[in-house]
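Beneath this line is the structure, given in structure tokens, with notes to follow.
The values are calculated or read from the model by the stated rules, or taken from the named source; none is laboratory data. As the structure is a computational prediction, the values presented were derived from the model and not from experiment. Cβ coordinates were reconstructed from backbone atoms using ideal geometry, including for glycine residues, and neighbour counts include every protein chain displayed.
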Amino acid sequence: MRRYGIGWAAVATAALWCVDAFAADLPDLPPADIYVLGERHDNPDHHVMQGALIARIAPTAIVLEMLTDEQAERLDPDTPRDPQVLNTLFDWADMGWPPIADYMPIFTASTAPILGAAGAPGDLTSYGLDDPLDSAEQTARETLQADAHCGVLPADLLPRFVARQREMDAQFAARTLAAFDLYGGPVVLIAGNGHARSDWGVPAAIGRVRPGVTVVSVVQGEGGRTPPGGDIVLDAPEPQRPDPCDAFR
């Protein structure tokens, strides 16, 4: 695991979509078939970094957690990579994600096909979702889910939230492998940090079903607090945001 602290705030403000200008400051990436680029969804600097990494990787395809296949199919090579156009095309404002302007570094970094990871999960039987986790991992996962929901979830619901996270990891893995089989590598998956962690997220799910496919995971922290589980760990400034737990008080 490698850690980097890079000041992306000035770059994000001055040149939101100009990723080539600071490519020399990017971390080195080892060769891989698939790169899982994590994020905290509402940190614009994380998306600037993802865009810069995409420009360096030059992927054959980009898979997005935020889109379904049906939404992604609305995008063709002639569609302007303009936030207003894409906002309307995807019905983005109705989806609950941060503004699409934050994600423009991803959409403008490459001309590779963009595919969706969301939607109906399909057949995930090979991912062992019915296999119980060992007690330590189950407890750790439930603790993370409790913290992520500000401690308001009843304890009996936590296993269901863990099971849903596992299903999403498997689904994203399946969609990313489908892109790899169709286009060849390297493929990039854009997803939240929890899905990007290599020990039990999408990389682990890919390793379970396709151990010969090489995966590099990048996770991104804020203000010196970095999430666990990345092959490469990056740090960006923490944006000002309201306390997410205020909604539960």
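For the stretch 226-240, give me the residue count where each residue is in contact (Cβ under 8 Å) with a residue 40 or more places away in the chain and either farther than 20 Å from residue 194 by Cα or not in a loop (DSSP other than H, G, I, E, B) (or both).
5
Can you confirm whether residue 190 is under 17 Å from residue 41 (Cα atoms), in contact with a strand residue (DSSP E or B) (Cβ under 9 Å, 6 or more places away or on another chain) and among the β-branched types (Val, Ile, Thr)?
When the stated conditions are applied, residue 190 passes them.
Of the residues 184, 119, 128, which single one is surrounded by fewer than 17 Cβ atoms within 10 Å (Cβ to Cβ), within 25 Å of residue 206 (Cβ to Cβ), out of contact with any His (no Cβ under 8 Å at 6 or more places or on another chain) and at pLDDT below 95?
The conditions single out 119.
Just to verify a result, which residue in the stretch 8-51, among those that are among the charged types (D, E, K, R) and not in a loop (DSSP other than H, G, I, E, B), is modelled with the highest pLDDT?
45
Just for the stretch 135-175: of the residues that are under 19 Å from residue 206 (Cα atoms) and of a type in the set (Asp, Glu), which one is modelled with the lowest pLDDT?
By that ranking, first place goes to 137.
Give the number of residues within the stretch 208-225 that are closer than 16 Å to residue 176 by Cα and either in a loop (DSSP other than H, G, I, E, B) or hydrophobic (A, V, I, L, M, F, W, C) (or both).
Number of matching residues: 9.
Scan the stretch 81-121 residue by residue and report those that are farther than 20 Å from residue 48 by Cβ and outside any helix (DSSP H, G or I).
The answer is 91, 95, 96, 113, 115, 116, 117, 118, 119, 120, 121.
If only one of 82, 91, 78, 69 is more than 22 Å from residue 175 (Cβ to Cβ), in contact with a helix residue (DSSP H, G or I) (Cβ under 9 Å, 6 or more places away or on another chain) and either of a type outside the set (A, V, I, L, M, F, W, C) or surrounded by 13 or more Cβ atoms within 10 Å (Cβ to Cβ) (or both), which one is it?
The match here is 82.
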